[in-house]
Every structure is written in structure tokens, then in C-alpha cells.
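Some notes on the structure that comes next.
The values are calculated or read from the model by the stated rules, or taken from the named source; none is laboratory data. Predicted model only: the values in this text are computed from it and were never measured. No Cβ is skipped: glycine too gets one built from the backbone with ideal geometry, and neighbour counts run over all protein chains shown. Note: areas computed on protein heavy atoms with side chains; ligands, DNA, RNA excluded. Shrake-Rupley method; radii C 1.70, N 1.55, O 1.52, S 1.80 Å.
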Amino acid sequence: MDLFSRSWAALRATVAGLPDTAFEQPSGCRGWLVQDLVYHLIVDAQDVLITLVTPTDAEPTRNAVTYWDVVDAPAGDDPLAALTVRVAAAYGEPGLLRFHLDDVGSAAGRAAELADPDLRVGTKDQVLTVGDYLSAYVLEWTLHHLDLITRLPDVAGPAADALSHSRATLEALAGTAFPASFPDVDVLLIGTGRRAASEKEKTELGEVAARLPLVLG
């Protein structure tokens with residue numbers, strides 16, 4: 001839960017420090033600008049708040065790894081993705097996006113810190129403990145932090161512990177470890193299809209390359 005809080009705070013602080021011009025840059029999410037990604041983070045924060053106040057007595061059906069489904073790559077005509085672009089543009093200026101993310105995002109962060117890690121909560125027809133749910137979300141924050149800085153080389157990326165935690169989650173989903181020579185950032189980018197592996201990397205990956213990318217839903 002501490003890693004959730006720190007990775008989420010780091011991501012929000014990065015958005016808060018971006019110049020207005022950065023919001024017009026492409027992000028690492030295909031088809032989305034940085035402003036679209038920031039709006040998506042607002043929706044994520046809302047989801048966290050909703051989940052943390054949706055307790056259940058049912059037995060857990062997922063954990064911090066199995067929370068994620070490996071799905072088919074999007075076809076490019078997803079209506080929700082298109083809605084995200086339209087709503088983000090409707091804000092009209094980056095300052096309003098920053099304010100909304102800080103407002104809702106801070107509330108989500110406080111709710112996570114106050115939550116009982118053993119409490120069971122429901123989300124997406126799944127049941128998890130709060131601890132597992134927040135642990136799963138470290139991968140979400142870390143990947144989107146990398147997405148945020150794709151075209152912003154001077155902006156700091158995720159912390160080392162968030163990267164290593166996210167790599168471990170992705171390797172668990174893949175059912176195998178990536179080569180130890182691969183830095184955590186490359187594992188996350190290649191493993192989720194955010195960049196293509198080079199021929200040398202494909203050789204090092206061996207049979208793992210055929211399982212990639214892992215598109216998470």
C-alpha cells in the first residue's frame with residue numbers, strides 16, 4: 001500500500017510540473033496525447049475511490065496479479081478511447097486538467113492510505129482485498145508514468161521500486177522471467193507492446209517473444 005501511495009504521488013507530481021506545451025505531445029498510449037492520458041488518470045482515480053467504498057463479504061476471486069486480464073490488442077475503434085479524447089479536449093486548457101487530477105487524485109490517495117488492507121472490495125465483477133487491489137494498481141501507475149514521459153526526455157520517470165514491482169507483476173502474468181540483462185523499463189515497454197523489440201532483443205527473449213505483447217485489461 002505504501003508503494004501505491006508513493007507511485008501515485010510521483011505520477012501526480014509529474015503531471016503538476018508539466019508545462020502547458022507538454023499536454024500537446026503524444027503519449028505512450030497509442031492515439032492519445034498527454035492531455036488524453038491525464039484525463040484517463042482522472043477516471044482511474046475515480047475508479048479507485050469507487051472501489052474502496054464498495055466493500056463485500058464475498059471471498060476474493062482475484063489477487064494483485066490475476067486482477068489483470070491479458071486481452072486482445074484494441075482494434076483502434078474503441079468508443080471509450082474516443083470518448084476520452086473528446087472529453088480531454090473539452091477541458092480547453094491544461095490548468096483545468098491539472099486541477100481536476102490534483103483534486104480527485106489527492107482524494108484517492110488519502111482514501112488508499114486510510115483503507116484497511118484486509119477489507120474485501122468489489123470491482124469489475126471481481127473481489128479482491130484492498131491490499132491486492134492497490135498492489136495491482138502500482139503497475140497501472142508505473143506504465144502510465146512511462147507513457148507520460150515518452151516524448152518528454154527531461155521529465156523524471158517512475159521510481160526504481162515501482163519499476164521492479166511492475167516488472168515482477170508482468171513476469172507473473174507472462175508465466176516466465178524476462179532476461180536479467182533487460183532493464184525494468186525495457187521489460188515493461190516491450191512486454192506491453194509500447195515499443196517493438198529489436199532483433200537482438202528478440203533473440204535474447206527466445207520463446208518469450210512469441211507471447212508478446214501482453215495487452216492488459
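Here is how the numbers come out for the structure above:
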quantity: Candidates Pro158, Pro153 - the one that is outside any helix (DSSP H, G or I), under 30 Å from Arg98 (Cβ atoms), without any contact (Cβ under 8 Å) to a residue 24 or more places away in the chain and out of contact with any strand residue (DSSP E or B) (no Cβ under 9 Å at 6 or more places or on another chain); calculated: Pro153
quantity: Counted residues, the stretch 161-213 - those being in a loop (DSSP other than H, G, I, E, B), open to solvent by 60 Å² or more (accessible area, probe 1.4 Å) and over 22 Å from Leu148 (Cβ atoms); calculated: 4
quantity: Qualifying residue in the stretch 49-71 (condition: within 24 Å of Leu152 (Cβ to Cβ) and of a type outside the set (Val, Ile, Thr)); calculated: no
quantity: The stretch 169-183 residues that are among the β-branched types (Val, Ile, Thr), paired with ones that are in a loop (DSSP other than H, G, I, E, B) (beta carbon under 6 Å, 6 or more apart); calculated: Thr169/Val65
quantity: Pair list, Cβ < 7 Å and 6+ apart or interchain, from the stretch 32-60 residues that are farther than 18 Å from Leu96 by Cβ to residues that are of a type in the set (Phe, Trp, Tyr) and in a helix (DSSP H, G or I); calculated: Val48/Tyr137; Thr51/Tyr133
quantity: Among residues of the stretch 75-88, those that are open to solvent by 100 Å² or more (accessible area, probe 1.4 Å) and either within 18 Å of the chain's Cα centre (by Cα) or touching a residue at least 12 places away in the same chain (Cβ under 8 Å) (or both), counted; calculated: 1
